[in-house]
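A quick write-up on the structure given underneath.
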Amino acid sequence: MDKLVLNSIKINQIKLKNRVIFAPTSLGLSHKETIEKYREIAKGGVAMIIVGDVPVSKRGFLSMYNKKSKQYYKDIIEAVHNEGALVCAQLHESDSKFTSLIKYIPLVLVKKMTPNDLRNKLNESVPKFISKLSTRKINDIIKNFADASEKATQLGFDMVQVHGDRICGSFSSSIMNQREDEFGGSAENRARFASECVKAIRRKCPNIAIDYKLAVRQENPHYGNAGVLFEELSIFVPILEKAGVNSFHVALANHGELEDTIPPLNHPYFKEQGCFLKYADEVKKYTNLPLCGVGCLEKPEFIEEQLKNNRIQMVAMSRQLIADSEWVNKIKNNEEKTIRYCIRCNQKCLKGMQAHQGVHCIYEGKI
Ligand SMILES: Cc1cc2nc3c(=O)[nH]c(=O)nc-3n(C[C@H](O)[C@H](O)[C@H](O)COP(=O)(O)O)c2cc1C
């Protein structure tokens, strides 16, 4: 029987050979290890790899404009292309000033403050940062998104994803955005920053495929702080589509506990397969663009069912592909029974990243 997950799909001018995408995952590994990890995942049969957190800034760590990082991205792209997969750059800009936290570093070093506390402090500084950003600076950042897309194309990336959970997400959220100008206030105004970024990309790169990571937040119970409120999707989705988005990657918004967006098996609320798909269901009401689901998607039968019901058209996985990069090949070869399932323990992936040891898996080294 045909498996829908193996069917190709077109997004703007690019063709994904199947429906499986490696979700953006900052790996925290050395450059060499990162390239090898991406190569391994591409070899496992996925259609596309999204490289997480590629800065749009012209300076700084991992900027695409710096000679060393430029080579790093080119090496990733070459490795992934050689294995027959496409590569997408997740474009982001920070929504806080890390320098404002330097005073807390000694406390972290003597363990009087945990890295998580530091992250919370950073999140607390976001509303002030967003509200104080001058219009000139806003326009510079919007231009940086357009320039970065052109740069990404020149480096060989096949697609860009606008990260809707950093600065775009913070502008979108009434919790983070307390501006009183045309970028704040109503949902339409809060959507302006993200839509201007997308429009600027579209103007600069008319043919590029643009995906948007639509970070959704919800109340009752409250989850996610930046991003688009569930009830405001009806306003944001058409605005973003009109701006030039070609597909949406739908997830829970962050700027809260990382374990909400990367839920462990015992998460009090997000414990089911496809725990964020209810957001995709809502997005679907306002667009016919392809939707990519993400979050606790591991089981082939469940995924096939969601594709069959047209709930989503693509599936992105992070931890499952870290646990078993051969997921797609195993489906292709009717070897589903041998898939090594992610048990969502977060021990070596999320916690590895938090401990600055890089993303690994409890299965690593085990056959
Ligand atoms: C170690 C780690 C790093 C991540 N880094 C990013 C990132 O850079 N950008 C992003 O948008 N999401 C990031 N994510 C979130 C994933 O893209 C994904 O949404 C989340 O893990 C849920 O999917 P899963 O259940 O398939 O792991 C990361 C997840 C993990 C586990």
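The set of residues in segment 244-263 being within 12 Å of the ligand (Cβ to nearest atom) and open to solvent by less than 10 Å² (accessible area, probe 1.4 Å) consists of His249, Val250, Ala251, Leu252, Ala253, Pro263. Among the residues of segment 308-325, the ones that are under 23 Å from Cys349 (Cα atoms), open to solvent by 10 Å² or more (accessible area, probe 1.4 Å) and either more than 16 Å from the ligand (Cβ to nearest atom) or outside any loop (DSSP other than H, G, I, E, B) (or both) come to 2 in all. Of the residues making up segment 297-330, those that are within 23 Å of Thr34 (Cα to Cα), under 18 Å from the mean Cα position of the chain (by Cα) and not aliphatic (A, V, I, L, M) are Glu298, Ser318, Arg319, Gln320.
Every residue, every condition in (1) crowded, with 21+ Cβ neighbours inside 10 Å; (2) in contact with a Phe, Trp or Tyr (Cβ under 7 Å, 6 or more places away or on another chain), yes or no:
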position: Asp2; (1), (2): no, no
position: Ile9; (1), (2): no, no
position: Ile21; (1), (2): yes, no
position: Pro24; (1), (2): yes, no
position: Leu27; (1), (2): no, no
position: Glu40; (1), (2): no, no
position: Val46; (1), (2): yes, yes
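Note on segment 63-119: residues that are among the small types (Gly, Ala, Ser) and closer than 30 Å to Ser134 by Cα total 6. Taking the condition within 20 Å of Cys275 (Cα to Cα), free of Cβ contacts under 8 Å to residues at least 24 places away in the same chain and either away from the ligand (no atom under 11 Å from the Cβ) or crowded, with 17+ Cβ neighbours inside 10 Å (or both), does Glu305 pass? When the stated conditions are applied, Glu305 passes them. Here Cys296 does not fit the description of being surrounded by fewer than 22 Cβ atoms within 10 Å (Cβ to Cβ), within 14 Å of the ligand (Cβ to nearest atom), among the hydrophobic types (A, V, I, L, M, F, W, C) and assigned to a loop (DSSP other than H, G, I, E, B). Of the strands (runs of 3 or more DSSP E) contained entirely in segment 1-99, those carrying at least 2 residues that are among the β-branched types (Val, Ile, Thr) fall at 9-11, 20-22, 48-55.
When Phe22 is tested against (1) within 11 Å of the ligand (Cβ to nearest atom); (2) farther than 21 Å from Ala323 by Cβ, just one condition goes unmet, and that condition is (2).
The values are calculated or read from the model by the stated rules, or taken from the named source; none is laboratory data. Since this is a predicted model, take the numbers as computed values, not measurements. A quick note on method: Cβ atoms are made from the backbone with ideal geometry, for glycine too, and the neighbour counts reach across all protein chains shown. When the accessible area is computed, the model is the full protein with side chains, heavy atoms only, and any ligands, DNA or RNA have been set aside. Shrake-Rupley method; radii C 1.70, N 1.55, O 1.52, S 1.80 Å.
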